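Take a look at the structure below.
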Amino acid sequence: QRLKAAVHYTVGCLCQEVEEDKDVQFSKQSIAAISEITFRQCEIFAKDLEMFARHAKRSTINTEDVKLLARRSSSLLKYITQKSEELASSNMEQKERKKKKSSATKGERTEAAVTENEDSNMS
């Protein structure tokens with residue numbers, strides 16, 4: 001119920017933006033109808049995504065499932081693909097930074113251990 005209310009609120013906000021931009025009016029009934037259709041379509045999308053993942057013998061939905069869902073809208077597919085690539089490159093950069101930090105920390109530990117060994121050998 002809360003999710004449905006959130007969808008209705010968001011549709012109402014979007015309709016207000018369109019009203020201001022295009023100088024048109026939306027009745028409460030039309031906003032309610034758009035909200036209902038949007039909610040039902042989201043339910044269908046969720047079930048489709050679940051089925052795509054299950055078909056691939058996975059329990060987790062991934063970006064390939066979302067791309068498959070968006071395949072009929074070339075502009076949406078292009079947008080999703082672009083964002084997916086941006087996220088992938090961002091994740092790779094973060095992993096490289098972590099590797100550099102951990103290897104630098106290991107290098108410091110190794111130097112400290114060598115220094116300790118040299119000190120103990122001199123005694």
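The values are calculated or read from the model by the stated rules, or taken from the named source; none is laboratory data. Note that the structure is predicted; figures quoted are calculated from it, not measured. Glycine gets a Cβ as well: all are built from the backbone with ideal geometry, and neighbour counts include every protein chain shown. These area figures cover heavy atoms from the full protein model, side chains too; ligands, DNA and RNA do not enter into them. Shrake-Rupley method; radii C 1.70, N 1.55, O 1.52, S 1.80 Å.
Report the charge-dipole magnitude of region 1-71 in Debye, nearest 20, computed about the Cα centre from +1 at each Lys and Arg Cβ and -1 at each Asp and Glu Cβ. Let's see the in-between values first.
Numbers: 11 positive and 11 negative charges, 112 e Å.
Rounded to the nearest 20 debye, it is 540 debye.
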Ignoring everything but the protein chains, give the 1.4 Å probe accessible area of residue 14 in square angstrom, nearest 10.
90
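With the cut-off at 29 Å, tell me which of the pairs 67/95; 22/67; 28/67; 47/78 have Cα atoms farther apart than that.
Details: 67/95 25 Å; 22/67 31 Å; 28/67 34 Å; 47/78 22 Å.
Correct reply: 22/67; 28/67.
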